[in-house]
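J.: Sending over a structure as structure tokens; questions will come in a sec.
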């Protein structure tokens with residue numbers, strides 16, 4: 001895939017200082033938007049700095065969006081969420097597809113900031129707006145689970161799976177919700193369904209390990225968690241797996 005051209009930061013600074021408005025107008029803002037958003041996911045610190053300068057050069061709404069996404073990738077969740085909400089307000093209903101995307105990002109940012117209730121409020125509005133999007137049902141289910149509303153979360157996960165049967169993340173979260181409701185046999189069936197399709201899925205392996213621990217199969221649990229660490233060492237699932245192993249070893253001792 002061909003990458004869009006991102007104006008280097010120093011070049012942008014040069015334009016800002018020496019070029020004036022006429023030079024700024026020569027920027028291809030559509031191309032810059034695509035390139036900046038890609039950079040936000042690959043090198044968010046660079047994207048944040050470039051986005052600030054681009055905004056001064058007339059980047060407007062796209063530059064603000066890139067800055068917010070860069071902050072999200074930098075784990076500045078509260079600031080990213082607040083910026084994304086302001087963007088959604090400023091955008092209004094002029095571009096419904098972009099509005100839904102920004103609102104979804106805002107909800108995810110609030111959730112990651114530990115503000116599940118704020119995320120849920122946004123997600124409720126989004127589902128009124130776009131009820132056919134399975135990812136929205138999944139996002140709201142995750143927020144509901146964080147608030148320990150597991151029965152409601154199951155309903156949302158069922159709807160996500162109905163809309164997209166291949167959405168394996170929804171099935172893994174469904175296994176977690178079922179476990180929290182002490183429906184361990186159903187949880188086991190769900191996680192095994194995921195692992196039959198994706199044998200090395202880290203979240204599903206983590207959950208199967210937890211279920212094995214519940215059943216008293218400590219060696220099986222350890223094997224699953226070690227597999228998570230081996231196949232996906234940089235993931236949050238691996239972090240959780242390491243913590244589970246350490247906790248189990250302390251209890252055994």
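Each value in this text was obtained by applying a stated rule to the coordinates, not by laboratory testing. The structure displayed is predicted, hence computed values, not measured ones. Don't worry about glycine lacking a Cβ; one is built from the backbone with ideal geometry, like all the others, and counts go over all protein chains shown.
J.: If contacts are Cα pairs under 8 angstrom and at least 6 residues apart, what is the relative contact order of the chain in percent?
T.: Result for the chain is 8 percent.
J.: For a quick check, take a GNM of the chain with Cα springs below 10 Å and name the residue from 50, 236, 143 with the largest mean-square fluctuation.
T.: In the Gaussian network model the winner is 236.
J.: Would you list the P(r) distribution for the chain, with all Cα-Cα distances sorted into 5 Å bins from 0 and each bin expressed as a whole %?
T.: 1, 6, 11, 13, 14, 14, 12, 10, 7, 5, 3, 2, 1, 0, 0
J.: Next up: Suppose we look only past 13 Å in the calculated P(r) of the range 85-126. What percent of the Cα-Cα pairs does that tail hold?
T.: 47 percent
J.: For the chain, set up a GNM with springs between Cα atoms under 10 Å and report which of 77, 48, 200 has the largest fluctuation.
T.: Result for the chain, Cα springs under 10 Å: 200 fluctuates most.
J.: Just order 64-73, 202-211 by mean Cβ neighbour count inside 10 Å, highest at the front, would you?
T.: 202-211, 64-73
J.: Continuing with the same structure: Note the angle between two axes, namely the Cα long axis of helix 150-163 and the longest principal axis of the Cα atoms of the chain, as a number of degrees from 0 to 90, rounded to the nearest 10.
T.: Helix 150-163 sits at roughly 70 degrees to that axis.
J.: Which distance in Å, rounded to a whole number, links the C-alpha centroids of the range 182-253 and the range 109-133?
T.: 28 Å
J.: Still on this structure, please answer the following. Helix 60-73 versus the longest principal axis of the chain: what angle, 0 to 90°, nearest 10, using Cα atoms?
T.: Between the helix axis and the principal axis of the chain, the angle is about 30 degrees.
J.: Next question. Using the alpha-carbon atoms, what tilt in degrees (0 to 90, nearest 10) does helix 202-214 show relative to the longest principal axis of the chain?
T.: That helix lies at roughly 30 degrees to the long axis.
J.: Run the simple label-point estimate for residue 46 and residue 182 please: 7 Å along Cα→C-beta, distance reported in nm.
T.: 5.4 nm
J.: In nm, give the distance between the simple-model label positions of residue 247 and residue 121, each being 7 Å from the Cα along the Cα-to-Cβ direction.
T.: 3.1 nm
J.: Can you tell me the Rg and Dmax of the range 153-197, counting just the alpha carbons, in angstroms?
T.: Reported Rg and Dmax, both Å: 9.6, 26.
J.: Relative to the present Cα-Cα distance, how much length would full extension add between residue 217 and residue 193 at 0.36 nm per residue of separation?
T.: That pair, residue 217 and residue 193, stretches by 6.7 nm at full extension.
J.: Here's something else I'd like to know. Between residue 79 and residue 100, what is 0.36 nm times their sequence separation minus the Cα-Cα distance? Round to one decimal in nm.
T.: 5.6 nm
J.: Here's something else I'd like to know. Compute the FRET efficiency between residue 152 and residue 38 as 1/(1 + (r/R0)^6), taking r as their Cβ-Cβ distance and R0 = 45 Å, and round to the nearest 0.05.
T.: The formula returns an efficiency of 0.80 here.
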